[in-house]
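Shown next, in structure tokens, is the structure this report addresses.
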Amino acid sequence: MKSFDYLRVSRASAAVGAVAARPQGSFVAGGTELLNLMKDEALAPDLVVDVNGLPLSEIALRDGRLSIGATARMGDVADHPVVRERFPVLAEALLASASPQIRNRASIGGNLMQRTRCWYYRDPGSPCNRRDPGSGCPALDGQNRWHAVLGGSGHCIAVHPSDLAVALRALDATVHILGPRGRRSLSLDDLYRLPGATPHRETALRHGELITGVELPITPLARSSRYLKLRDRASFEFAVVSVAAALTMRGRTVTGVRLAFGGIAPRPWHSPAAEEALRGRALTDRAVREAGRALVRGAEPREHNAFKIELVQRALADILDDLGGRR
Ligand code: SF4
């Protein structure tokens with residue numbers, strides 16, 4: 001690991017100012033992600049600004065919305081009674097993430113900013129367009145079992161690893177940000193960029209911008225939600241595919257639906273076509289099949305990951321059967 005300066009601050013504006021002033025500066029909260037990347041030398045910040053002293057750990061209901069501060073710990077959010085009762089998909093996604101030890105340490109903001117688990121990205125000896133722009137993407141024709149089948153490009157097919165982000169996408173969350181130019185808010189779709197020709201630009205955040213929290217609308221849909229994560233081992237592992245779903249029904253008819261998918265794309269994947277195939281229709285085998293087909297339309301599998309196309313459709317069918325009371 002390369003040497004770096006360390007600064008602990010008590011005001012968000014001071015944290016933003018310090019990082020903005022150093023091109024290689026970085027924020028740290030739990031440190032469960034940044035320190036690993038620094039040890040692997042995938043990242044080498046010359047200044048690390050510790051944001052744990054900022055008043056950003058609150059989990060509170062406010063004006064019909066749930067507000068979660070960026071330094072709230074994953075474990076605390078997962079265990080919060082309001083989250084468990086009104087946003088089960090969020091609690092389940094967090095509990096399916098990492099180990100209890102990591103969840104007790106890792107922050108909500110840090111989880112959203114975690115980097116891809118593409119092994120080429122984490123190996124400084126490999127070329128990687130995301131880490132070293134223009135150097136190439138060995139995953140395209142290499143070991144791509146874990147990689148994207150939707151939303152990738154000829155420059156990068158890495159998937160986003162966050163379960164939390166998938167749940168937040170399904171819940172239409174807003175991400176609040178403080179930067180050198182002031183405050184702003186982004187949807188998950190606007191926060192995460194697709195790789196295109198510039199995979200090193202992973203998010204819409206400008207240098208020095210800090211995630212201060214996320215906000216979720218309280219809706220009947222959110223209350224009727226679930227997270228299904230399929231992975232290689234149950235104890236702790238990143239998703240091969242995952243589905244966050246929220247569903248409301250009147251009789252057999254779908255009155256509301258929100259879906260988001262993990263493990264298949266470079267950002268939490270939203271498929272308006274899959275939702276459209278379900279909304280206002282009876283939840284039949286045919287409707288579920290059509291939603292699955294709409295989801296994977298245009299998918300571009302690689303040598304080792306074509307199985308994800310079938311797997312994610314089965315995962316979708318499973319979670320819809322569960323939420324729709326069809327078991
Ligand atoms: Fe790098 Fe993306 Fe290719 Fe992985 S898939 S090697 S992160 S460019």
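Those helices (runs of 4 or more DSSP H) of the range 218-318 in which 2 or more residues are open to solvent by less than 30 Å² (accessible area, probe 1.4 Å) occupy 272-276, 285-296.
Is it true that some residue in the range 179-197 is small (Gly, Ala, Ser) and surrounded by 22 or more Cβ atoms within 10 Å (Cβ to Cβ)?
Of all residues in the range 179-197, those small (Gly, Ala, Ser) come to 179, 182, 185, 187, 196-197.
Adding the requirement that they be surrounded by 22 or more Cβ atoms within 10 Å (Cβ to Cβ) leaves none.
Checked against the condition, which is being small (Gly, Ala, Ser) and surrounded by 22 or more Cβ atoms within 10 Å (Cβ to Cβ), the range 179-197 yields no hits at all.
Screening Pro124 against (1) modelled with pLDDT of 95 or more; (2) more than 11 Å from the ligand (Cβ to nearest atom) leaves a single unmet condition, (1).
Being within 30 Å of Gly125 (Cβ to Cβ) and of a type in the set (S, T, N, Q) narrows it down to one residue among Ser57, Ser99; which is it? Working first, answer last.
Values: Ser57 fails: within 30 Å of Gly125 (Cβ to Cβ).
One residue alone meets the criteria, Ser99.
Only one of the numbered conditions (1) under 28 Å from Glu310 (Cα atoms); (2) open to solvent by 50 Å² or more (accessible area, probe 1.4 Å) is violated by Arg86, and that is (1).
Identify, please: which residue in the range 106-121 is near the ligand (Cβ under 10 Å from one of its atoms) and open to solvent by 10 Å² or more (accessible area, probe 1.4 Å) and is, among those, nearest to Ile177 (Cα to Cα)? Only one residue fits best here, namely Arg115.
Contact annotation: residue pairs with Cβ atoms under 6 Å, 6 or more positions apart or on different chains, pairing a residue in the range 124-152 that is at negative phi with a partner that is among the basic types (Lys, Arg) and more than 8 Å from the ligand (Cβ to nearest atom), are Asn144/Arg302; Val149/Lys308. Does at least one position in the range 56-70 carry a residue that is buried (at least 20 other Cβ atoms within 10 Å of the Cβ) and farther than 30 Å from Leu230 by Cβ? Yes, that holds for at least one residue. Between Pro138, Pro161, the distinction of being within 16 Å of the ligand (Cβ to nearest atom), closer than 29 Å to Val51 by Cβ and not polar (S, T, N, Q) belongs to Pro161 only. As a summary of the residue check, Trp146 satisfies the conditions (1) within 22 Å of Lys39 (Cα to Cα); (2) open to solvent by 40 Å² or more (accessible area, probe 1.4 Å); (3) within 10 Å of the ligand (Cβ to nearest atom) except for the one numbered (1). Criterion applied to Arg115, Arg84 was being farther than 21 Å from Asp40 by Cβ and touching a helix residue (DSSP H, G or I) at 6+ places or on another chain (Cβ under 8 Å), and the one residue passing it is Arg84.
Those residues that are open to solvent by less than 40 Å² (accessible area, probe 1.4 Å) and either of a type in the set (Gly, Ala, Ser) or outside any strand (DSSP E or B) (or both), I need them from the range 33-52; list them, please.
Hits for the range 33-52 are Glu33, Leu34, Leu37, Met38, Ala42, Pro45, Val51.
Please work out if Arg130 is touching a His at 6+ places or on another chain (Cβ under 6 Å) and near the ligand (Cβ under 7 Å from one of its atoms).
So Arg130 fits the description; yes.
All told, Glu92 falls short of being away from the ligand (no atom under 16 Å from the Cβ), open to solvent by 30 Å² or more (accessible area, probe 1.4 Å) and out of contact with any Phe, Trp or Tyr (no Cβ under 9 Å at 6 or more places or on another chain).
Counting only residues that are of a type in the set (Asp, Glu) and touching a residue at least 24 places away in the same chain (Cβ under 8 Å), which one in the range 208-245 is nearest to Thr174 (Cα to Cα)?
Of the range 208-245, the ones of a type in the set (Asp, Glu) are 209, 215, 232, 237.
Pick out the ones that are also touching a residue at least 24 places away in the same chain (Cβ under 8 Å) and you get 209, 215.
Numbers: Glu209: 15, Glu215: 5 Å.
By that ranking, first place goes to Glu215.
The values are calculated or read from the model by the stated rules, or taken from the named source; none is laboratory data. What you are looking at is a predicted structure, and each value in this text was computed from that prediction instead of being measured. Reconstructed Cβ throughout: ideal geometry from the backbone, glycine too, with neighbour counts over all protein chains shown. Remember, those area values only see protein heavy atoms, side chains included, never the ligands or the DNA or RNA. Shrake-Rupley method; radii C 1.70, N 1.55, O 1.52, S 1.80 Å.
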